[in-house]
Amino acid sequence: MKGLAALTCLVLCGGLAPAAGQVASPYRIKPSDVALPPEVKLGDYQRTIRPFENWTLICDENLKARKKVCNVSQVIEDTSGRMAFSWSLAATQDGKPYMILRTAPNARSDGLVSLKFDGRSQAIDVHLNGCNEMVCVGMLPVGPVMRQQISQNATPAISYPTVDGKTVTVTATLKGLSAALSPLK
């Protein structure tokens, strides 16, 4: 009976390799989308997600250390559901606010992301810091111009060049960002 229990556990727990002629299962347990910092144990970390108009507030908290880190994000997708542009308002370690801009991975890594606001003759240009196979990233400090645009619920046209010589242009909105930030005050 002991042998049968051990064998049952091995099969149910995934401890046996498929026998000759058998196909490995095409299914697996999907790991959590929440990446834990290396010093935090499973169960000692939590993520809360709060939707707001056009923005999502995401907070990760180390329950043992009682340390919470939050950002407010917006994602713009193309018609096939692929991310064309996203941005998050987050703070640096010393508390300075930054917009983290993300483009599709086919953006020119030496290109600029341009934010064009109504009523401003000059676009805000942000250099990309780098790209990988998933995304390209740039950082924009939140200064007086961005604060004003946030308070006005602006709808900037955001564009960036791609490696194939095209330009991606999307319309984003800052509407709802102030409300999404209100729980953090």
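Only the coordinates and a few stated rules stand behind these numbers; no lab work does. Remember, predicted model here, so these are calculated numbers, not experimental data. As a convention, Cβ positions derive from the backbone with ideal geometry for all residues, glycine included, and neighbour counts pool all protein chains shown.
Looking at region 135-152, which of the residues that are without any contact (Cβ under 8 Å) to a residue 40 or more places away in the chain and touching a helix residue (DSSP H, G or I) at 6+ places or on another chain (Cβ under 8 Å) is farthest from CYS70 (Cα to Cα)?
First, the residues of region 135-152 that are without any contact (Cβ under 8 Å) to a residue 40 or more places away in the chain: 136-138, 143-145, 147-152.
If we keep only those that are touching a helix residue (DSSP H, G or I) at 6+ places or on another chain (Cβ under 8 Å) too, we end up with 150-151.
Working: ILE150: 18, SER151: 20 Å.
Restricting to residues being without any contact (Cβ under 8 Å) to a residue 40 or more places away in the chain and touching a helix residue (DSSP H, G or I) at 6+ places or on another chain (Cβ under 8 Å), the top hit is SER151.
The single condition from (1) more than 24 Å from GLY95 (Cβ to Cβ); (2) out of contact with any helix residue (DSSP H, G or I) (no Cβ under 7 Å at 6 or more places or on another chain); (3) surrounded by 10 or more Cβ atoms within 10 Å (Cβ to Cβ) that LYS30 fails is (3).
Checking the conditions here, which among GLY176, GLY165 is in contact (Cβ under 8 Å) with a residue 60 or more places away in the chain and more than 17 Å from MET83 (Cα to Cα)? Lay out the reasoning, then the answer.
Details: GLY165 fails: in contact (Cβ under 8 Å) with a residue 60 or more places away in the chain.
Just a single option satisfies the conditions, and that option is GLY176.
Annotation: of all residues in region 60-101 being hydroxyl-bearing (Ser, Thr, Tyr) and part of a strand (DSSP E or B), the one that is nearest to PRO141 (Cα to Cα) is TYR98. Within the set ASP78, ASP125, the sole residue that is surrounded by fewer than 15 Cβ atoms within 10 Å (Cβ to Cβ) and more than 18 Å from ASN54 (Cα to Cα) turns out to be ASP125.
Residue check: GLY138 meets all listed conditions (1) closer than 29 Å to ALA179 by Cβ; (2) over 22 Å from the mean Cα position of the chain (by Cα) but one, namely (2).
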